[in-house]
Every structure is written in C-alpha cells, then in structure tokens.
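J.: Pasting a structure here, questions to come.
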Amino acid sequence: MRGSSVLMGGEPGIGKSTLMLQLAASLQVRGRTLFVSGEESPGQLRMRADRISVSSERIEVVFETELTAIMQVLEQVKPVLIVVDSIQTLYTREVNALPGTVNQIKVCTQELVDWARSRGAAVVLVAHVTKEGTIAGPKLIEHLVDTVISFEQASAEIRTLQAIKNRFGSVDEIGFFRMTETGLAEVVDATSLFLTRREGGNPPGVAVAPVFEGSRVLLVEIQSLTVPAKSGISRIYSDRIDGGRVARMAAVLEKHLDLHLAEHDIYVNVAGGIRIAEVAVELPLALALYSARTGLTIPAATAVTGEVSLTGEVRPVPGMEKRARACRDMGFQMLMGPGGTGAVKPETGTFAAVEMVKEAVRLAFASASRT
Ligand code: TYD
Ligand code: MG
C-alpha cells in the first residue's frame with residue numbers, strides 16, 4: 001500500500017534478507033525500489049542475489065547506516081518501495097546512543113515512516129527478534145508502523161509469515177515457506193504440513209483438528225499431557241492455544257464428565273508449532289485433554305471440530321464443508337463435529353454429529369483401549 005509502513009521481524013537466519021530481496025525483485029512497481037543494506041557488504045548481497053537469480057537492474061542498493069545520508073539518497077532516487085535491512089543497524093547523530101538502542105530505532109523509524117507517508121512510497125523495515133521475542137527495540141516501534149509481520153520457524157522445514165497487526169487488511173492469513181537452494185519457495189498446499197504420520201494408532205493425549213488459517217484449512221495435531229501437580233496447585237502450560245481456553249475446557253470436563261483435573265498440571269501443544277486462535281479447536285482440545293487424563297486414545301482416522309460452551313454443548317462452527325473435504329483428502333475416515341441447532345452437516349466423507357461434549361467423549365473413545 002502506497003504511503004504505508006511495514007515492520008517485519010524474525011530471528012537471525014530465518015530468511016528475512018532473502019525474502020526482502022525476492023520481494024523487491026518480484027514486485028511489479030511503477031517506480032524505483034531502493035534497498036538500504038546496513039547488514040551486508042556489496043559482495044554478500046551480490047552473492048545472495050546471484051543465488052536466487054535476482055537481476056540487480058531492477059533494484060537500487062545503498063550500503064549506508066547513517067540516517068541523514070539515507071534520507072539524501074531517498075530524495076535523489078525517489079523510490080516507491082524502500083526496504084531497510086535492518087532497522088537496528090541505522091543511527092542518527094541527533095540521538096546520542098548506539099545503533100540498535102530504543103531511541104535510535106524510534107527516531108530512525110519515525111523519520112522513514114514519515115517520508116514514505118508524505119511521498120506515497122511504501123517502506124518495509126526488517127527487524128531482528130530474539131527467540132523469546134522480547135527484544136525491546138522492535139516491540140516499541142510497533143505502534144509507529146501500519147503493519148507488523150512476523151517471520152517464524154514453525155517446524156524444521158517450514159517457515160511462516162503472519163501479520164500481527166494490519167491496518168489495511170486481515171491478520172488471519174498465513175504464508176508458508178521452505179528455504180531452498182535458490183531462495184524461499186511458497187508451500188501452496190499446506191493442509192497436511194503439520195500432521196504427524198505414525199505407524200499404528202494415536203498415543204494418548206492426541207486429537208487431530210481441521211482449523212482455518214485465513215482462507216485455508218490445515219489439519220493440526222493437538223497434544224496434551226496431564227501430570228499430578230507437585231505443588232498441589234494445578235497449572236496450565238500452553239503457548240499455542242490460549243491458556244484461558246484450556247482452563248475452560250478442563251472445567252467443562254470436570255463438571256460435565258466428572259473428569260478429575262484439579263491438582264494436575266496440564267501441558268498443551270500443537271505439533272508443528274503454529275498458534276491456533278479459532279474456537280473450533282475447543283472440542284478437539286477437550287478430547288485431547290480427556291485422552292491424556294484417562295489414557296484412552298482417539299482413533300487415528302478420526303478428526304474433530306467444534307466449539308464447546310460452558311454448558312457442555314457442542315456449538316456450530318463455520319466452513320464445515322471445507323473442513324470435511326480437507327479431512328477426506330488427508331485420508332481421515334471420520335469427522336466428528338457439531339450436530340445441534342444451527343449446525344451444518346457436511347456432504348463430504350463420514351460425519352458424526354454430536355450435540356454434547358459427553359456424547360463426543362462416548363463416541364471418540366467407544367472402541368478405545370487404555371494404554
Ligand atoms: P537470510 O535471508 O540471511 O536470513 P536473515 O536475514 O533473516 O538473517 O538467510 C537465512 C539462511 O538461509 C542462511 O543461513 C542461508 C540460507 N539460504 C538458503 O538456504 N538458500 C538461499 O537461497 C539463500 C539466499 C539463503
Ligand atoms: Mg539478514
């Protein structure tokens with residue numbers, strides 16, 4: 001978007017510079033693209049460009065970290081797209097501090113963002129983020145930009161690109177990439193990326209769920225583990241699914257199924273490492289918790305979807321047909337999901353409608369053996 005600013009954060013080595021170069025090379029912009037490189041030497045950038053077959057004619061590059069000098073180049077080149085790699089290497093003499101410190105980052109960001117806004121250019125600022133994501137700098141400039149994008153390693157192979165804040169569009173879409181010998185390649189069919197293939201049945205604590213990430217359905221494996229709490233106070237450890245949601249499902253299981261979870265620590269994870277915010281994850285989450293606590297397993301060919309209310313009812317979720325199709329395509333024999341008022345029954349595959357979480361538990365573990 002012209003006049004807009006984007007902050008793209010990611011750990012060192014994730015592929016930020018590669019992605020930016022590919023972006024600069026492939027965008028069809030009417031006007032010039034300026035790449036401000038504060039991290040790499042001309043030789044290093046050249047090597048990277050050769051590796052991913054980017055011709056340099058389309059991109060102007062400046063190797064500079066001092067803001068005034070960069071602003072002069074901007075005035076000369078008048079680019080419509082500016083990439084700054086990285087914001088942490090820039091400094092201005094106005095601020096008496098080292099590059100990468102909060103004030104330096106703030107002042108440099110503000111100036112670049114203002115320039116882009118007033119000239120109708122778009123600026124992308126690359127920022128390094130540490131594993132904990134806690135580096136002070138980039139977090140503190142999120143409010144200065146229109147869009148914040150996070151580039152993360154989801155599994156050994158897969159990297160995800162996801163908007164955290166987006167003034168001009170949704171934050172639901174997620175892009176999947178693989179790093180290849182010749183740059184980043186998009187993974188177009190991501191449905192089964194996060195499924196764990198196993199010989200034989202599921203271990204206890206595992207449920208597979210079709211969830212929407214933006215407009216596409218991914219099949220994800222929800223894993224949970226319950227252990228007696230050492231301190232007698234139960235805790236929830238879950239950073240892929242909201243902890244409040246896990247607590248609610250645990251409470252529903254206690255109340256409606258007499259499943260004793262108090263004095264237990266609960267661990268929840270999503271294999272592959274993506275975060276799930278969709279409510280449709282509730283029924284599979286509840287079944288995974290039940291499975292973990294009882295040792296009973298969910299059949300490997302069954303996938304589960306649905307929202308769960310505090311009353312123990314399974315509530316409808318949208319996109320049932322698309323979820324069912326994804327499950328069928330990935331070889332699942334049954335999808336279990338909402339069957340009550342307002343629920344849409346999918347046409348594809350075998351569908352097991354459930355109205356209460358109790359019913360879902362009975363059905364899921366009907367043929368299960370304790371392991
Ligand atoms: P890079 O873009 O430098 O990451 P960042 O800017 O986020 O620090 O690239 C990260 C890694 O990717 C680097 O270790 C080399 C590797 N790589 C490839 O595997 N293939 C390629 O085509 C390129 C350019 C890099
Ligand atoms: Mg880099």
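We did not get these values from a lab; they are worked out from the coordinates using the rules stated. Nothing here was measured: the structure is a model prediction, and the numbers come from that model. Please note: Cβ atoms are built from the backbone with ideal geometry, for glycine as well, and neighbour counts cover all protein chains shown.
J.: Express in nm, to one decimal, how much length is gained between Ala156 and Ser170 on full extension, taking 0.36 nm for each residue of separation and deducting their alpha carbon distance.
T.: 2.3 nm
J.: Taking other Cβ within 10 Å of each residue's Cβ, how do Thr341, Thr160 sort, fewest first? Mind dumping the intermediate values first?
T.: Working: Thr341 9, Thr160 23.
Fewest-to-most ranking of Thr341, Thr160: Thr341, Thr160.
J.: How many nm separate the modelled label positions at Glu57 and Asp242, each set 7 Å beyond the Cα in the direction of the Cβ?
T.: For Glu57 paired with Asp242, the spin-label model returns 5.2 nm.
J.: Can you compute the label reach from Val188? Point 7 Å from Cα along the Cβ direction, backbone N cut-off under 20 Å, restricted to segment 24-68.
T.: 26-28
J.: Which order results if Phe332, Phe351 are arranged by neighbouring Cβ count within 10 Å, fewest first?
T.: On the way: Phe332 22, Phe351 17.
Fewest-to-most ranking of Phe332, Phe351: Phe351, Phe332.
J.: Rounded to the nearest 0.05, what FRET efficiency do Thr348 and Glu75 have when you use their Cβ-Cβ distance and R0 = 51 Å?
T.: The formula returns an efficiency of 0.30 here.
J.: Just to be sure I understand: of the beta bridges DSSP finds with both ends in the chain, what percent are antiparallel, rounded to 5?
T.: Given both bridge residues lie in the chain, the antiparallel proportion sits at roughly 45 percent.
J.: Here is a further query. Within straight cross-link reach of Lys139, meaning Cα distance under 27 Å, which lysines are found once same-chain residues fewer than 8 apart are removed?
T.: Excluding near neighbours in sequence, the set is Lys16, Lys106, Lys131, Lys165.
J.: Could you list Tyr91, Tyr237 in order of exposure, starting from the residue whose Cβ has the fewest other Cβ atoms within 10 Å?
T.: Tyr237, Tyr91
J.: Could you order the peptides 108-120, 224-236 from most to least packed, using the average number of other C-beta atoms within 10 Å per residue?
T.: Peptide ranking by packing, descending: 108-120, 224-236.
J.: Further question on the same structure: Give me the net charge of Met320's neighbourhood, meaning all other residues with Cβ under 11 Å from the Cβ of Met320; Lys, Arg count +1, Asp, Glu -1.
T.: Values: positive: Lys322, Arg323, Arg325, Lys345; negative: Glu321, Glu347.
Residues near Met320 contribute +2 overall.
J.: Under a cut-off of 18 Å between alpha-carbon atoms, report the aspartates and glutamates in cross-link reach of Lys358, not counting same-chain residues fewer than 8 places apart.
T.: Straight-line reach from Lys358, under 18 Å: Glu254, Asp258, Glu282, Glu307, Glu313.
J.: Note down the magnitude of the dipole of segment 131-263 about its Cα centre, charges +1 on Lys and Arg C-beta and -1 on Asp and Glu C-beta and zero elsewhere, to the nearest 20 debye.
T.: I would put it at about 300 debye.
J.: Express the relative contact order of the chain as a whole percentage, based on alpha carbon pairs under 8 Å and six or more residues apart in sequence.
T.: So the answer I get is 13 percent.
J.: Let me ask you something else. Report the calculated FRET efficiency for Ala229 and Ala366 (r = Cβ-Cβ distance, R0 = 45 Å), to the nearest 0.05.
T.: 0.90
J.: What share of all Cα pairs of segment 1-125, in percent, falls into each consecutive 10 Å distance bin?
T.: 13, 48, 34, 5, 0
J.: In Å, what is the Rg of the alpha-carbon atoms in segment 215-369, and how long is Dmax?
T.: 14.8, 49
J.: Using Cα-only point scatterers and the Debye equation, what is log10 of I(q)/I(0) for segment 148-289 at each q in 0.11, 0.16, 0.18 Å⁻¹, rounded to two decimals?
T.: -0.47, -0.89, -1.06
J.: Moving on. What's the long-distance tail for segment 65-146, i.e. % of Cα pairs beyond 19 Å?
T.: Working: 1082 of 3321 pairs.
So the portion of pairs separated by more than 19 Å is 33 percent.
J.: Under 8 Å for C-alpha pairs, at least 6 residues apart: give me the relative contact order for segment 205-273, rounded to a whole percent.
T.: 39
J.: So if I take the centroid of the Cα atoms in segment 1-31 and the same for segment 168-209, what is the distance between those two points in Å?
T.: 23
J.: Using a 7 Å offset from the Cα along the Cα-to-Cβ direction at both Lys139 and Lys106, what is the distance between the two label points in nm, to one decimal?
T.: 1.5
J.: Starting from the Kirkwood Rh over alpha-carbon pairs, what translational D in µm² s⁻¹ does segment 284-371 have by Stokes-Einstein at 37 °C and 0.692 mPa s?
T.: Numbers: Rh = 13.1 Å.
Once the numbers are plugged in, D ends up at 252 µm²/s.
J.: Shifting gears a bit: Modelling each spin label as a point 7 Å along the Cα-to-Cβ direction, I'd like the Arg93/Ser309 distance in nm, to one decimal.
T.: A separation of 6.8 nm, rounded to one decimal place.
J.: OK, next. Would you please give the FRET efficiency between Thr180 and Gln28, computed as 1/(1 + (r/R0)^6) with r the Cβ-Cβ distance and R0 = 25 Å, to the nearest 0.05?
T.: Details: r = 23 Å, r/R0 = 0.91.
For R0 = 25 Å, the calculated efficiency reads 0.65.
J.: If you don't mind, another one. So what are the three principal axis dimensions of the chain from its Cα atoms, in whole Å, longest to shortest?
T.: 72, 46, 38
J.: Using Cα pairs closer than 8 Å and at least 6 residues apart in sequence, work out the relative contact order for segment 179-238, in percent.
T.: 28
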